[in-house]
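Here's the structure we're looking at; comments come further down.
The values are calculated or read from the model by the stated rules, or taken from the named source; none is laboratory data. Note that the structure is a prediction, hence the values are computed from the model and not measured. Cβ placement follows ideal geometry from the backbone for every residue including glycine, while neighbour counts extend to all protein chains displayed. Each accessible area value is taken on the protein alone, full model and side chains, heavy atoms only, with ligands, DNA and RNA left out. Shrake-Rupley method; radii C 1.70, N 1.55, O 1.52, S 1.80 Å.
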Amino acid sequence: MIKAIKAIYHFYAEGFRNMTWGRTLWWLILLKVIILFVVLRGFFFKPTLAGKSEKERIEYVGNQLVTKQ
Amino acid sequence: MIESALVGWSRLQFALTAGYHWIFVPLTLGLAVIMAVMESIYVKTGDEFWKRTAKFWMKIFAINFAVGIATGIILEFEFGTNFSNYSWFVGDIFGAPLAIEGIFAFFMEATFFAVMFFGWEKVGKRFHLASTWFTAIGAAISALWILVANSWMQNPVGMDFNPDTVRHEMVDFWAVVLNPVAISKFFHAVFSGWMTGSIFVIGISCWYLLKGRERKFALASIRVAAIVGIVGTLSVMLSGDSSGVQMAKYQPMKLAAAEGLEEGGKGAPFSIVPGVEIPNMLSILATHDIDGYVPGINNILDGYTTPEGEVHLSAEEKMERGKIAIEAFSEYRDSKDSNPEEAAVAREVLEENMEYFGYGYIDSREELVPPVGLVYWAFRVMVGFGSALLLLMMVVLWAERRGRLEKMRWLMWAALLSIPLVYLAGQAGWIVAEVGRQPWVIDGLLPVKAAVSSVSVAAVKTTFFLFVAIFTLFLAIEIRIMIKAIKEGPKVDVE
């Protein structure tokens with residue numbers, strides 16, 4: 001089992017180490033993930049129902065559906 | 001006014017994000033199959049040329065994948081922030097397929113994708129080939145779950161509304177997964193990806209031929225891509241036919257808008273462009289019957305009865321039933337703790353009218369008609385470009401087999417210039433599907449204006465322009481890296 005885990009680890013580690021042009025792509029992915037999750041999610045896309053309990057969410061959406069009529 | 005601006009900007013932002021996401025998905029779906037076929041030829045023949053050919057297209061696949069990855073996540077952010085009413089209202093119906101997709105995609109990508117890129121010299125030929133095919137199959141299965149969720153919005157099935165939780169609850173998982181709209185949409189979207197991948201490979205290969213480079217590689221790539229593309233496009237047509245029948249059955253307003261059909265009837269004609277029609281053709285496409293009944297926009301708004309005796313209510317009747325449903329929902333909430341008997345009656349009224357719940361938010365019958373001009377022309381762009389590209393692939397394959405392609409420079413230019421057209425056809429397809437179903441987020445149950453959160457218009461505008469800037473930047477980066485990789489070339493013709 002440990003041997004298998006080690007083999008998998010070396011497979012990935014070696015793969016990443018030997019990358020040439022692929023490194024640019026990984027930097028690109030990292031940059032995108034930071035923009036998406038840190039900037040956009042953190043500052044601009046806070047879920048409207050976040051911080052509310054299940055009961056409060058039911059109440060909130062129920063009111064929205066009734067008042068938007 | 002403010003609400004209408006909020007609805008408009010929220011809708012536009014979602015359309016922008018979904019459209020951007022769809023730039024990357026079809027190429028992933030199509031290139032994956034093409035490179036898997038190339039690698040299969042390598043494993044079968046042992047010819048290193050095919051290995052190097054497959055590896056080059058894998059490199060292009062990786063660039064597209066890296067820039068496209070996680071762009072779909074933004075859609076989920078928007079659900080939570082801009083469409084919180086919708087997100088809660090749909091309950092686990094929407095969440096379950098998306099969760100399956102997320103988990104499935106992660107494991108498929110983390111394993112097979114890694115073997116495909118890192119494993120050339122480390123695993124056996126057959127195991128590597130299996131990984132490449134599993135990457136292609138995994139991408140298609142990922143698309144399946146997204147399309148199952150989307151199709152539920154077009155044709156909601158397999159659920160019940162629970163007024164206590166204000167959510168829809170799944171009562172039949174298989175009805176959701178095997179939704180006929182989902183099946184057609186899945187094949188239509190995946191095969192359109194094959195078409196995109198094929199046109200892309202043919203176009204780039206023709207560029208090499210025009211430049212007098214990589215001759216053997218380019219001709220071999222064209223051969224494989226044209227065959228995959230022709231099979232894909234014919235399958236797009238077959239699944240499109242099935243989509244048309246379902247649209248007539250479940251979303252007749254979308255079909256009427258796509259055809260600009262104001263007054264329908266038996267033996268309805270198909271409009272090629274305004275003023276040019278094929279008699280009875282729409283009836284054949286929509287019902288597979290030359291005299292089949294197809295309702296027009298006015299018939300749907302006025303209410304109609306099909307020749308089989310199926311009665312469809314008028315817009316006003318549906319709006320009235322919708323208002324009764326919302327009123328009953330409100331009464332149920334008010335009385336469920338204080339007066340159980342009154343609550344039971346209200347719940348019964350709600351259940352009787354739930355089918356029309358969303359119509360209660362509609363103020364005028366005009367709101368029920370999607371933007372006809374946009375849907376009509378998007379449909380023609382999709383079908384027109386799709387048919388032209390099929391013809392192009394057939395001619396390119398014929399010319400390549402006869403050894404004439406390199407003498408037909410105009411054909412190679414046409415193939416190269418077709419790359420943007422296949423993307424336009426794909427985007428037009430989504431415009432038909434998504435703009436055509438307006439004003440609904442969930443057909444008949446929830447219009448966009450009831451689905452949006454109470455957030456400020458300024459916030460949605462800010463994020464819209466932020467997205468425009470970010471998307472443009474990433475797209476420019478992708479195109480730059482891709483062009484660099486293509487210019488560098490596959491380096492496989494040095495024998």
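Here are a few things to note about the model shown:
- Odd one out for B:ILE93 among (1) hydrophobic (A, V, I, L, M, F, W, C); (2) open to solvent by 10 Å² or more (accessible area, probe 1.4 Å); (3) farther than 20 Å from A:TYR12 by Cβ: (2)
- The lone criterion from (1) more than 30 Å from B:LYS336 (Cβ to Cβ); (2) surrounded by fewer than 20 Cβ atoms within 10 Å (Cβ to Cβ) left unmet by B:LEU147 is number (2).
- Counted residues, segment B:283-310 - those being open to solvent by 70 Å² or more (accessible area, probe 1.4 Å) and more than 30 Å from B:LEU238 (Cα to Cα): 1
- Residues that are at pLDDT 85 or above and open to solvent by 10 Å² or more (accessible area, probe 1.4 Å) within segment B:63-74 comprise just one, B:PHE65.
- Per the listing A:ILE29, A:ILE34, the residue uniquely facing chain B (nearest Cβ under 7 Å), within 20 Å of the chain's Cα centre (by Cα) and of a type in the set (A, V, I, L, M, F, W, C) is A:ILE29.
- Across segment B:440-478, the qualifying residues are those that are out of contact with any helix residue (DSSP H, G or I) (no Cβ under 9 Å at 6 or more places or on another chain) and away from chain A (no Cβ under 11 Å), and the one among them that is nearest to B:GLY80 (Cα to Cα) is B:ALA458.
- Which listed residue, of B:ILE63, B:ILE74, B:ILE69, is within 25 Å of B:GLU48 (Cβ to Cβ) and either within 14 Å of chain A (Cβ to nearest Cβ) or not hydroxyl-bearing (Ser, Thr, Tyr) (or both): B:ILE63
- Among residues of segment B:160-177, those that are more than 14 Å from chain A (Cβ to nearest Cβ) and open to solvent by less than 40 Å² (accessible area, probe 1.4 Å), counted: 3
- Subset of segment B:116-138 (residues that are among the hydrophobic types (A, V, I, L, M, F, W, C) and open to solvent by 20 Å² or more (accessible area, probe 1.4 Å)): B:PHE117, B:PHE118, B:TRP120, B:VAL123, B:PHE127, B:LEU129, B:ALA130, B:TRP133, B:PHE134, B:ILE137
- In segment A:1-26, residue farthest from the other protein chains (Cβ to nearest Cβ) [restricted to those that are assigned to a helix (DSSP H, G or I), closer than 17 Å to B:PHE61 by Cα and open to solvent by 60 Å² or more (accessible area, probe 1.4 Å)]: A:ARG23
- Options B:TRP152, B:TRP174, B:TRP145: the member that is free of Cβ contacts under 8 Å to residues at least 24 places away in the same chain, under 30 Å from A:GLU54 (Cβ atoms) and of a type in the set (Phe, Trp, Tyr): B:TRP174
- Of the residues making up segment B:208-241, those that are within 19 Å of B:TRP57 (Cα to Cα) and touching a Phe, Trp or Tyr at 6+ places or on another chain (Cβ under 6 Å) are B:GLU214, B:ALA218, B:VAL228, B:GLY232.
- Where helices (runs of 4 or more DSSP H) sit wholly within segment B:269-356, those with at least 2 residues that are at negative phi and within 14 Å of chain A (Cβ to nearest Cβ) occupy B:315-335, B:340-353.
- Residue check, B:THR45 open to solvent by 30 Å² or more (accessible area, probe 1.4 Å) and either more than 20 Å from B:SER151 (Cβ to Cβ) or more than 9 Å from chain A (Cβ to nearest Cβ) (or both): yes
- Residue check, B:VAL422 at pLDDT 95 or above and in contact with a Phe, Trp or Tyr (Cβ under 8 Å, 6 or more places away or on another chain): yes
- Looking only at residues in segment A:49-62 that are in a helix (DSSP H, G or I) and within 9 Å of another protein chain (Cβ to nearest Cβ), the one that is surrounded by the fewest Cβ atoms within 10 Å (Cβ to Cβ) is A:GLU54.
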